Amino acid sequence: MAKLHINNRKKVSHINPEIYGHFSEHLGRCIYEGIYVGENSEIPNINGMRCDVVEALKELQVPVLRWPGGCFADEYHWKDGIGPKETRKKMINTHWGGVIEDNSFGTHEFFELARQLGCKTYINGNVGSGTVQEMSEWVEYMTFSGVSPMADLRKKNGHEEAWHVDYFGVGNENWGCGGNMRPSYYADLYRRYQTYVRNYNPEHPIFKVCGGANVEDYHWTKTVLDVTHDHTPKEFHGFMDGLSLHYYVHPEGWEIKGSATEFDDKVWYKTLAKALFMDELVTKHGKIMDTYDPDKKIGMIVDEWGTWYTCEPGTNPGFLYQQSTVRDALVAGLTLNVFNKHSDRVKMANLAQMVNVLQSVILTDGDKMIKTPTYHVMHQYRYHQDGDLLASDLADVTMIQSEEWSVPQVTESVSEDTNGVITVTLNNCSITDAEKVELSFADGCYEVFEASVVTGEIHAHNTFDAPEVVKEVPFADYVNKDATVDVTLPPASVTMLRLKRVAR
Ligand code: AHR
């Protein structure tokens, strides 16, 4: 039996809701069809956003949405996506599938989507192929409420009020699709471009995100911080609020990737071990950040994460459409536990991507919509949003060894909300074995009052014909004892427990 001791006297860090953020790119059927169908569609919509998808997303309490990319961001010229739709430029989406981008979803539509979702906004600017002027004018267009050429243009296009831009990314993957730059060159560009990301609304300053590393490119992190912090006065507030990190799990590596639904037990464990590599990445990039920013004022922004498989057979390879099984539920559970545990440094994370692309929470087919196993895990974990991470220690955990890959059978994270309710999320990585976990507390007695689980045969997934094969269901395999709680985790499962203090 594993033992989870929860030190509820020790709050470690605050879990920013944005750790549960999402990402939507002009890629495949994410924006078009997946979210936006246009006002004239027969699919029920409000101002072009499909109602079924928005309603499902609202249940996740989406805290923040990143847009328009991704690689698309560094080819996106925002002025193509404003004004009357019939006059908007049609162009080829060169990066993703070579399809026609008619720009019918642009800045106004993005803010309408964010309004409907009730979420914060994360705009990614174009450094790779855009100018400083273009970026600076976009910020003016979105956020300036006075009299200016861009604010006037926004008003002419039907939006009187300035919007709030909560987060702004200065480029994306500038080591790759965002311009193939060297870190020192990008860092100089960051210094320059960010200067003109003006804070027109001092009461709502924009959180500026500098383009960070790919996976374990620690040289990028170090060089970018070196160059950006050289000659930068310490009091230069708002110069760099966040530094990004991208990491995708490819079970068989970048070239082959691997099937989303057909894999053996070895690939299951390899995938989960690769998901847990996120812990090492966050730790090591975090240590470099600590040397420049010991007070952890700069947030680590993991604005792209998730599984990336070979696309579904018969679909456009440029659309990155993939299925999602119980394995993805585990990847989500493991990764979100890692982010919670590092919430002193990780301030936002964006699952890639929201609908129909990579590890989506929702898949659509015409007017049909299904929730993926990952959706259900995000729903379970929503209780961690805005909580305080509690110190916790998991002992006597079995290590599972499969070839050279090793994973702990159980991982966990624990938070407390403002009402004193504790949320515990536990993953059982074993394909075959249930595992008992005994929960104990440093202070007082607690009882489980609500619990759910996402589990199933490891390849199980939802389809448009069978949409509820994998879903969040009530969980009852726990015993509230005098001072402890015993839980039995089924194999291949993500379990969420809510506990309240009781007098004994
Ligand atoms: O999410 C798909 C792509 O992955 C993004 O466009 C890019 O930033 C990353 O390489």
Would you pick out the residues in the range 1-26 that are buried (at least 24 other Cβ atoms within 10 Å of the Cβ) and over 24 Å from Val377 (Cα atoms)?
His26
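Kindly provide the set of residues from the range 428-452 that are among the hydroxyl-bearing types (Ser, Thr, Tyr), open to solvent by 20 Å² or more (accessible area, probe 1.4 Å) and either touching a strand residue (DSSP E or B) at 6+ places or on another chain (Cβ under 8 Å) or touching a residue at least 60 places away in the same chain (Cβ under 8 Å) (or both), ordered by number.
Ser440
Could you tell me whether the range 197-210 includes any residue that is of a type in the set (A, V, I, L, M, F, W, C), open to solvent by less than 30 Å² (accessible area, probe 1.4 Å) and within 16 Å of the ligand (Cβ to nearest atom)?
The answer is yes, given that some residue of the range 197-210 is of a type in the set (A, V, I, L, M, F, W, C), open to solvent by less than 30 Å² (accessible area, probe 1.4 Å) and within 16 Å of the ligand (Cβ to nearest atom).
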Would you mind finding the one in Thr455, Thr463, Thr425 that is hydroxyl-bearing (Ser, Thr, Tyr), surrounded by fewer than 17 Cβ atoms within 10 Å (Cβ to Cβ) and out of contact with any Lys or Arg (no Cβ under 7 Å at 6 or more places or on another chain)?
Thr463
Only one of (1) open to solvent by 30 Å² or more (accessible area, probe 1.4 Å); (2) in a loop (DSSP other than H, G, I, E, B) does not apply to Val127, and that is (1)
Could you grab me the full set of residues in the range 70-118 that are more than 16 Å from the ligand (Cβ to nearest atom), under 23 Å from the mean Cα position of the chain (by Cα), small (Gly, Ala, Ser) and not in a loop (DSSP other than H, G, I, E, B)?
Ala114
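Results for (1) within 16 Å of the ligand (Cβ to nearest atom); (2) open to solvent by less than 10 Å² (accessible area, probe 1.4 Å); (3) under 13 Å from the mean Cα position of the chain (by Cα); (4) at negative phi, shown as yes or no for each residue.
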| position | (1), (2), (3), (4) |
| --- | --- |
| Lys296 | no, no, no, no |
| Asn316 | yes, no, no, yes |
| Ser324 | yes, yes, no, yes |
| Ala329 | no, yes, no, yes |
| Leu334 | no, yes, no, yes |
| Phe339 | no, yes, yes, yes |
| Asp365 | no, no, no, yes |
| Lys371 | no, no, no, yes |
Give the residue that is farthest from the ligand (Cβ to nearest atom), with candidates limited to residues of the range 160-187 that are within 16 Å of Phe110 (Cβ to Cβ) and open to solvent by less than 60 Å² (accessible area, probe 1.4 Å).
Ala162
State yes or no: is Cys51 within 14 Å of the ligand (Cβ to nearest atom), under 30 Å from His384 (Cα atoms) and not aliphatic (A, V, I, L, M)?
no
Scan of the range 188-238 for residues that are touching a Cys at 6+ places or on another chain (Cβ under 8 Å) and within 30 Å of Ala151 (Cα to Cα), ordered by number:
Tyr190, Gln194
Unique residue being crowded, with 22+ Cβ neighbours inside 10 Å and of a type in the set (Asp, Glu) when the list is Glu140, Glu101:
Glu101
Looking at Glu412, is it out of contact with any helix residue (DSSP H, G or I) (no Cβ under 6 Å at 6 or more places or on another chain), surrounded by 22 or more Cβ atoms within 10 Å (Cβ to Cβ) and of a type in the set (D, E, K, R)?
yes
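Residues that are farther than 23 Å from Ser343 by Cα, of a type in the set (A, V, I, L, M, F, W, C), modelled with pLDDT of 95 or more and not in a helix (DSSP H, G or I): does the range 242-249 have at least one?
Scanning the range 242-249 turns up no residue that is farther than 23 Å from Ser343 by Cα, of a type in the set (A, V, I, L, M, F, W, C), modelled with pLDDT of 95 or more and not in a helix (DSSP H, G or I).
Quick check on Val62: is it open to solvent by less than 20 Å² (accessible area, probe 1.4 Å), touching a residue at least 12 places away in the same chain (Cβ under 8 Å) and in a loop (DSSP other than H, G, I, E, B)?
Here the answer is yes, as Val62 does meet what is asked.
Quick one: how many residues across the range 78-112 are in contact with a Ser or Thr (Cβ under 8 Å, 6 or more places away or on another chain) and of a type outside the set (Gly, Ala, Ser)?
The total comes to 6.
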Quick check on Glu262: is it in a helix (DSSP H, G or I), open to solvent by 20 Å² or more (accessible area, probe 1.4 Å) and out of contact with any strand residue (DSSP E or B) (no Cβ under 6 Å at 6 or more places or on another chain)?
no
Determine whether the range 5-16 contains at least one residue that is outside any helix (DSSP H, G or I) and touching a helix residue (DSSP H, G or I) at 6+ places or on another chain (Cβ under 7 Å).
yes
So Arg29, is it open to solvent by 10 Å² or more (accessible area, probe 1.4 Å), basic (Lys, Arg), under 27 Å from the mean Cα position of the chain (by Cα) and within 16 Å of the ligand (Cβ to nearest atom)
yes
Are there any pairs, at least 6 apart or on different chains, whose C-beta atoms fall under 7 Å, with the first in the range 21-46 and without any contact (Cβ under 8 Å) to a residue 60 or more places away in the chain and the second more than 16 Å from the ligand (Cβ to nearest atom) and small (Gly, Ala, Ser), and if so, which?
Val37/Gly48; Glu39/Gly48
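Would you confirm, using the coordinates I've provided, whether Glu472 is touching a helix residue (DSSP H, G or I) at 6+ places or on another chain (Cβ under 8 Å), exposed (fewer than 15 other Cβ atoms within 10 Å of the Cβ), modelled with pLDDT of 95 or more and under 24 Å from Ala275 (Cβ atoms)?
Here the answer is no, as Glu472 does not meet what is asked.
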Pair list, Cβ under 8 Å, 6 or more apart: the range 390-406 residue without any contact (Cβ under 8 Å) to a residue 60 or more places away in the chain, other residue open to solvent by less than 40 Å² (accessible area, probe 1.4 Å):
Met399/Val407; Met399/Pro408; Met399/Gln409
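The values are calculated or read from the model by the stated rules, or taken from the named source; none is laboratory data. Just so it is clear, the structure is predicted and the values come from calculations on it, not from any experiment. As a convention, Cβ positions derive from the backbone with ideal geometry for all residues, glycine included, and neighbour counts pool all protein chains shown. To get the accessible areas, we keep the full protein, side chains included, count just its heavy atoms, and leave off ligands, DNA and RNA. Shrake-Rupley method; radii C 1.70, N 1.55, O 1.52, S 1.80 Å.
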